[in-house]
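> One structure follows; several queries about it will come next.
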Amino acid sequence: ANLCNSATVIFIIMFSLLRSQSSQTNSRQKLVQSLSQQQSRRRTRLVHLSCHNNNSKKYIADRIIKQRRTIMTTATNNNNNNIVTFARIAPAPESNGGATPLPRSSHGLSALGSGRRLVLYGGENVARTPIADAGQVLWLAEKNNEEDDNDGWKWISPAMVDEGGASSSPRCPPSRVAHSQAAVGDAVYIFGGRAGVEMGENAMNDLWKLEITATDEKRRHVVKWTEVTPLAGEIPEPRSFHKMIAISTDLYVFGGCGASSGRLNDLWKFDTVRGRWSNLGTSGVLKGRGGPCILSLLCSPKHDDNSSARIAIVAGFAGEETNDGHVFDNNSWESKGMDGLSDMRKRSVCSFGSLSSRKNMCLIFGGEVDPSNLGHEGAGNFEKDLILLDGTSGALLDVIKPRGGEAWPEARGWADACVGGDTFYLFGGLAGDDASPKRLDDLWQCRGSSSD
């Protein structure tokens, strides 16, 4: 009996020890899992919502920027650990004559071929005077190597042909400033702008399509302009200093300075497949404005198809510099304006783009923060900060400024930017002040991510 009792006691003690060890193991596993989840949340601050299918797949942003073999600038905000990498691009001069683009402002820049070809069009080298030199109006910048760096770029002044292929007197758009442009597939579209000195003078609402067709016997790139005639129906008012983006095969135009209505707050869509304009209505939140930012956001889960767009309108000049915003989503304007933009300095005529394809982030660079006392004859006060917005909500993520001493684009407004692949490109613009306005001809690339 004593042996049985002793065995029972030993069994109970061993069972208790085993259960205690099991409990401790489970606790450790839960602790490790919890710490792993916390670390994962810290390392993946941005979560994408993709609207490429009806399931709205979630995927984690790629945070890694490859090490570059060229010298570049990295600026980091200590609070949010957002990393921005700027690099100056210096394309080789055009081989036929060694020319390069004139310094300019109020021009357009678009990216083709995932950013390996840039299209620079129009603008002003002298205040309020469109560049009219046929050899300066249109430029291509092309990257000739496959390396992931800022080398191998070259400026190209293309030859032009008409719709029938002849090059004697090809049709092309009238010279202009303050137009808008965007790329759809392998084509670039330009819309509106003005050819006159005064704001409402010779304002336009024409739409043109640029295609790069081939190379000629002199190994020059050949381009063709086609004026796009929309189907019958309402079309946008002639305007300048508006903005346009492309989403899929549609063009979206917002605001600007109308020839007859003053500053505008209307949104239009042009379907490049059907050839028709659609009036999407006016913002009930934003005043009419020139020089706004128009940003493509990732679609929200409420979308029931892939044809809808989610667009944020941010900042612009509405009689004064602004920092408000309004979202157009699922074919209607949201009921209220965007929140959380008050920490962004009020501004207009900024350079902007959306890196939604990988990093779920929108960028706004610089802009005019104080208007010139001389109007368009002078230069106001400009910024050179980089604003990061969430690519789904449009909420302000960060305001990044250079630390000082490193290469960084100088403060400017009236420039233009575009996105090719995962790279933000910036060209030219207006800098200086009323006493010494200065137009620029520098080309930059920028990549953004978030550090671990």
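The values are calculated or read from the model by the stated rules, or taken from the named source; none is laboratory data. As the structure is a computational prediction, the values presented were derived from the model and not from experiment. Cβ: placed from backbone, ideal geometry, glycine included. Neighbour counts: every protein chain shown. Heads up: the accessible areas ignore ligands, DNA and RNA and are worked out on the full protein's heavy atoms, side chains in. Shrake-Rupley method; radii C 1.70, N 1.55, O 1.52, S 1.80 Å.
> I'm trying to understand the selection: among the residues of segment 345-354, which are in a loop (DSSP other than H, G, I, E, B) and either modelled with pLDDT under 95 or buried (at least 22 other Cβ atoms within 10 Å of the Cβ) (or both)?
Result: VAL349, CYS350.
> Another question, then. Of everything in segment 103-121, what is among the small types (Gly, Ala, Ser), crowded, with 18+ Cβ neighbours inside 10 Å and out of contact with any Ser or Thr (no Cβ under 9 Å at 6 or more places or on another chain)? Give them in sequence order.
SER105, SER110 - these are the residues of segment 103-121 that are among the small types (Gly, Ala, Ser), crowded, with 18+ Cβ neighbours inside 10 Å and out of contact with any Ser or Thr (no Cβ under 9 Å at 6 or more places or on another chain).
> Among the residues of segment 355-365, are any in contact with a strand residue (DSSP E or B) (Cβ under 9 Å, 6 or more places away or on another chain), under 22 Å from LEU341 (Cα atoms), of a type in the set (Val, Ile, Thr) and open to solvent by less than 30 Å² (accessible area, probe 1.4 Å)?
For segment 355-365, residues in contact with a strand residue (DSSP E or B) (Cβ under 9 Å, 6 or more places away or on another chain), under 22 Å from LEU341 (Cα atoms), of a type in the set (Val, Ile, Thr) and open to solvent by less than 30 Å² (accessible area, probe 1.4 Å): present.
> If we keep just the residues of segment 122-143 that are over 22 Å from ALA183 (Cβ atoms) and among the hydrophobic types (A, V, I, L, M, F, W, C), which is surrounded by the fewest Cβ atoms within 10 Å (Cβ to Cβ)?
Per the stated criteria, the residue is VAL126.
> Does segment 396-413 hold any residues that are in a loop (DSSP other than H, G, I, E, B) and open to solvent by 40 Å² or more (accessible area, probe 1.4 Å), and which are they?
Scanning segment 396-413 gives LYS401, ARG403, GLY404, GLY405, GLU406, ALA407, GLU410.
> Can you tell me how many residues in segment 313-334 are without any contact (Cβ under 8 Å) to a residue 40 or more places away in the chain, touching a Ser or Thr at 6+ places or on another chain (Cβ under 7 Å) and not in a strand (DSSP E or B)?
The number of residues fulfilling the criteria is 1.
> Among (1) under 21 Å from GLY378 (Cβ atoms); (2) at pLDDT below 95, there is one condition ASP422 misses while meeting the rest; what is its number?
Condition not satisfied by ASP422: (1).
> When VAL314 is evaluated against the numbered criteria (1) at pLDDT 95 or above; (2) surrounded by fewer than 24 Cβ atoms within 10 Å (Cβ to Cβ), which criterion, by number, is the only one it fails?
Result: VAL314 fails condition (2) only.
> Based on what the data block shows, is LEU280 in contact with a strand residue (DSSP E or B) (Cβ under 6 Å, 6 or more places away or on another chain), more than 30 Å from LYS154 (Cβ to Cβ), open to solvent by 40 Å² or more (accessible area, probe 1.4 Å) and in a loop (DSSP other than H, G, I, E, B)?
no
> Going residue by residue through segment 167-174, is there one that turns out to be modelled with pLDDT of 90 or more, open to solvent by less than 70 Å² (accessible area, probe 1.4 Å) and either polar (S, T, N, Q) or under 27 Å from VAL314 (Cβ atoms) (or both)?
no
> Which one is nearest to GLY123 (Cα to Cα), of the residues in segment 222-253 that are out of contact with any Gly (no Cβ under 9 Å at 6 or more places or on another chain) and of a type outside the set (A, V, I, L, M)?
TRP225
> Now a separate question. Could you list, in sequence order, the residues of segment 244-271 that are open to solvent by 30 Å² or more (accessible area, probe 1.4 Å) and touching a Phe, Trp or Tyr at 6+ places or on another chain (Cβ under 7 Å)?
Within segment 244-271, just LYS269 meets the criteria.
> Right, next: Is segment 185-206 home to any residue that is out of contact with any Phe, Trp or Tyr (no Cβ under 8 Å at 6 or more places or on another chain) and more than 30 Å from LEU231 (Cβ to Cβ)?
Yes, there is a match, as at least one residue in segment 185-206 is out of contact with any Phe, Trp or Tyr (no Cβ under 8 Å at 6 or more places or on another chain) and more than 30 Å from LEU231 (Cβ to Cβ).
> Please determine whether any residue of segment 67-75 is modelled with pLDDT of 75 or more and surrounded by 18 or more Cβ atoms within 10 Å (Cβ to Cβ).
Within segment 67-75, none of the residues are modelled with pLDDT of 75 or more and surrounded by 18 or more Cβ atoms within 10 Å (Cβ to Cβ).
> Looking at (1) at pLDDT below 95; (2) more than 19 Å from the chain's Cα centre (by Cα); (3) over 16 Å from PHE254 (Cα atoms); (4) not aromatic (Phe, Trp, Tyr), which is the one condition that is false for SER357?
So the condition that SER357 fails would be (2).
> Quick check on segment 176-209: of everything there that is polar (S, T, N, Q) and at pLDDT 95 or above, which residue is farthest from LEU251 (Cα to Cα)?
Step by step, filter segment 176-209, then rank; the result is ASN205.
> Of the residues that make up segment 368-383, is at least one assigned to a strand (DSSP E or B), in contact with a Cys (Cβ under 7 Å, 6 or more places away or on another chain) and buried (at least 18 other Cβ atoms within 10 Å of the Cβ)?
The answer is no, given that none of the residues of segment 368-383 is assigned to a strand (DSSP E or B), in contact with a Cys (Cβ under 7 Å, 6 or more places away or on another chain) and buried (at least 18 other Cβ atoms within 10 Å of the Cβ).
> Kindly provide the set of residues from segment 232-243 that are buried (at least 24 other Cβ atoms within 10 Å of the Cβ) and either aromatic (Phe, Trp, Tyr) or out of contact with any Leu (no Cβ under 9 Å at 6 or more places or on another chain) (or both), ordered by number.
Passing the criteria: SER240, PHE241, LYS243.
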